[in-house]
Every structure is written in C-alpha cells, then in structure tokens.
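**Q** Sharing a structure with you now.
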Amino acid sequence: MTGSETSSAIRIKMSEGIMSKAATMEIPISSNGVSGTINEDESLEQDLQQVMVSGPNLNETSIVSGGYGGTTEGIIPTSSLKGSQPSSHPSLTSEELSRGLAVEKFDMVKKWGINTYKCTKQLISERFGRGSRTVDLELETQIELLRDTKRKYEGVLQLARALTAHFYSLVQTQRALGDAFSDLSQKSPELQEEFGYNAETQKLLCKNGETLLGAVNFFVSSINTLVNKTMEDTLMTVKQYETARLEFDAYRADLEELSLGPRDTATLSRIEAAQQNFQAHRHKYEKLRGDVTIKLRFLQENKVKVMHKQLLLFHNAISSYFAGNQQQLEASLQQFNIKLSSAASDKPSWLEEQ
C-alpha cells in the first residue's frame, strides 16, 4: 500500500467516526423545533400567554394561533396593528412587542388580584365584626329609604298592572255583551226597545272604559319609568359608591397595618406606596359620595313632581268613570295631553298592541 492510499484510508476512518459520534449526540430542541435552549424569559412568556388566555377580562386582547405553549410568532398583539413602524428585523420586533404586552397584562392581573384580595379581606373583617368601616349615617339612611321606596313603588306598579289587565277583560266583556244585546234587539221585536237601550248602555260603558284604560296605562308607564329607570340609575351609582367605600376602607386598613410595623427601608417604601393608593381611593370614594348625594336630591325632586301629576290623573279618571261623567273623564285625559287612537271593532285594542 502506497503512502497516498494510507492517508486516504485514515481520512475515511476519521470521517466515519465523526459521523457515528454525531449520530449519537443529544440535540436540545426548543419549543419551535430550532436547536437551542429555553431560557427563563421564554418560559415566563409562555406562562404570561396562559394568563392572557385564561385570566380575567382585560381591555386589550391578543390573537393566539398556537395556544398555550405555542410559538411566539403565533401571537399577534392587536394594539400593535396600528401605527407599527417598519423594521429590518420584523421577527425580533414582534417578539419584543409580544413580551412587552404580556408583561403589561401580567401587571394588570397582579393589581387586580391584590385589589380583590384586600377588598375580600376587608369585607370578611366587617362581616365578623373585626374590621372598622367608614359610615355616613345621613347618606346611608337616605339610601336605605330609597331602596324601601323602590320596593313599595314596585308593589304599586304590580297592582296597577293587575288593575289594567282585569279592567281590560271587563271592557272586552261589555263590548261582547253590547253586541249580543244589539243582535237580540233586531231578532226580538217584542223586546227590541229593552235590548236596544241595554246595548247602548254597554257600548257607552265600553267607550268610557277604553278612555279610563288609556289614563291607567299612562299612569303605569310613568311609574315604570320612575322605578325601573330613574330609581335604578341612582341605585347603580349607589352600588359604585359602596364598592368605592369598601376599597377605601381596605387600603386604609392596609396603611394602618403597615404604619404599626417596623420602619426599615423596605417598609418605608411600602408605606409610601400604600399612602398613594389610599389617597387615590379616598378621592374616588369622596367623588362618588358627592355624586350619590346629588342624584338622591334630584331623584326626590323628580319623584314628587311625577307622582303629583300621576296621582292627580289617576284620581280624576277613576272618580269620573265611576260617577258616569263622560265629559269630565275626557277632560282629564286632555289635561295631561293623553291621546287615544280611534277604536274600531275590527281592530285590536291598544292594550293588545302593547
């Protein structure tokens, strides 16, 4: 064997050895199938993606194509679709934006969790008599009076609707009875006069009954608006005020607890942050307390004005109808600008169209 052949054989054996060694090496594979290692940032990013998908409702959203544990290229931040600047490295920019959005949402979830914990702790402490709460006796008395008034007005509304339904059935019966009398007056010559004036009486009662139904329906509609819109709007503000009061007391208790502890460097920074949170929630609480006070005053004025008009209408219409005073009954509707559509026997009543 020559020297050149020996050198060639040696090179072939070395190549085979290298190939054999490479075939048995362990190659680390990342989540996207590229050789490398998964660093801590990528692991954190995957956890944050899971928070974004299954966490609480947030203001911003992301479109996730790969699901939990998918690639970072599968996440498209919707906030970055507008106003994004072109870059020579689009994949790097997308990863940075995705990571920044994930961290921002993680901070939002963290704040939400801390706030929920503090408020729950404060609520449980109040329920078991261990925690103190801010009390505005005058305002809370007015709120309780509003809730009681709303319950009573709901009872009046329910009874007025029942009266409308029953009286509508009476009017329908009177109409049918009047038609029957009218038919019999034509087929019974010996009782034509008697059937005739009874038919006219029932038709007149039916007409006056429809006029009264118009007044009662207007009364029901106005009470419904007062109870389910005006009062309900005020109670929604009351609920916001009560939530703000609970948050205010929760952060006040947190600040008091920190103030009683040691005064080292770490604690002083936490006390400063707690003081800022306390002042922010105090401002929110005082603002909503003022809003509730104003709404309660306006609601009282509006309630008196509306009920004065509606109770006067209800009284005049009911008394005129049962006194048989048709002119006074129609005048009551004109006084309150209530217009009735012309009723015809072949058309459904206004109540059937509601």
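**Q** Can you tell me which condition THR230 does not meet? The list is (1) without any contact (Cβ under 8 Å) to a residue 60 or more places away in the chain; (2) open to solvent by 10 Å² or more (accessible area, probe 1.4 Å); (3) more than 20 Å from SER332 (Cβ to Cβ); (4) not basic (Lys, Arg), and all the others hold.
**A** (1)
**Q** Among the residues of segment 260-275 satisfying the criterion of being open to solvent by 50 Å² or more (accessible area, probe 1.4 Å) and among the small types (Gly, Ala, Ser), which is nearest to the chain's Cα centre (by Cα)?
**A** SER269
**Q** Looking only at segment 148-186, filter to residues that are open to solvent by less than 50 Å² (accessible area, probe 1.4 Å) and more than 49 Å from the chain's Cα centre (by Cα); which one of those is modelled with the lowest pLDDT?
**A** That would be SER185.
**Q** Another one. Is one or more of the residues making up segment 308-315 open to solvent by 60 Å² or more (accessible area, probe 1.4 Å) and under 27 Å from the mean Cα position of the chain (by Cα)?
**A** Checked segment 308-315: no residue is open to solvent by 60 Å² or more (accessible area, probe 1.4 Å) and under 27 Å from the mean Cα position of the chain (by Cα).
**Q** Scan segment 78-107 residue by residue and report those that are in a helix (DSSP H, G or I), at pLDDT below 75 and open to solvent by 80 Å² or more (accessible area, probe 1.4 Å).
**A** Those that are in a helix (DSSP H, G or I), at pLDDT below 75 and open to solvent by 80 Å² or more (accessible area, probe 1.4 Å): PRO90, LEU92, GLU96.
**Q** Regarding segment 187-196, can at least one residue be identified that is within 30 Å of GLN310 (Cβ to Cβ) and either among the charged types (D, E, K, R) or exposed (fewer than 14 other Cβ atoms within 10 Å of the Cβ) (or both)? Spell out how you get there, then give the answer.
**A** Going residue by residue through segment 187-196, those that are within 30 Å of GLN310 (Cβ to Cβ) are none.
No, the conditions are met nowhere in segment 187-196.
For every residue, the table says whether it meets (1) under 30 Å from ASP254 (Cβ atoms); (2) touching a strand residue (DSSP E or B) at 6+ places or on another chain (Cβ under 9 Å); (3) assigned to a helix (DSSP H, G or I).
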site	(1), (2), (3)
TYR285	yes, no, yes
ARG297	no, no, yes
GLY324	no, no, no
LEU329	no, no, yes
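**Q** Could you check segment 108-131 and list, in sequence order, the residues that are under 22 Å from ARG270 (Cβ atoms) and open to solvent by 70 Å² or more (accessible area, probe 1.4 Å)? Give the derivation first.
**A** Restricting attention to segment 108-131, the residues satisfying the condition of being under 22 Å from ARG270 (Cβ atoms) are 108-122, 125, 131.
Answer for segment 108-131, where residues must be under 22 Å from ARG270 (Cβ atoms) and open to solvent by 70 Å² or more (accessible area, probe 1.4 Å): LYS110, LYS111, TRP112, ILE114, TYR117, LYS121.
The values are calculated or read from the model by the stated rules, or taken from the named source; none is laboratory data. Note that the structure is a prediction, hence the values are computed from the model and not measured. Neighbour counts are summed over all protein chains in view; Cβ atoms, including those assigned to glycine, are modelled from backbone coordinates with ideal geometry. Side chains are part of the model used for accessible areas, which takes the heavy atoms of the whole protein and leaves out ligands, DNA and RNA. Shrake-Rupley method; radii C 1.70, N 1.55, O 1.52, S 1.80 Å.
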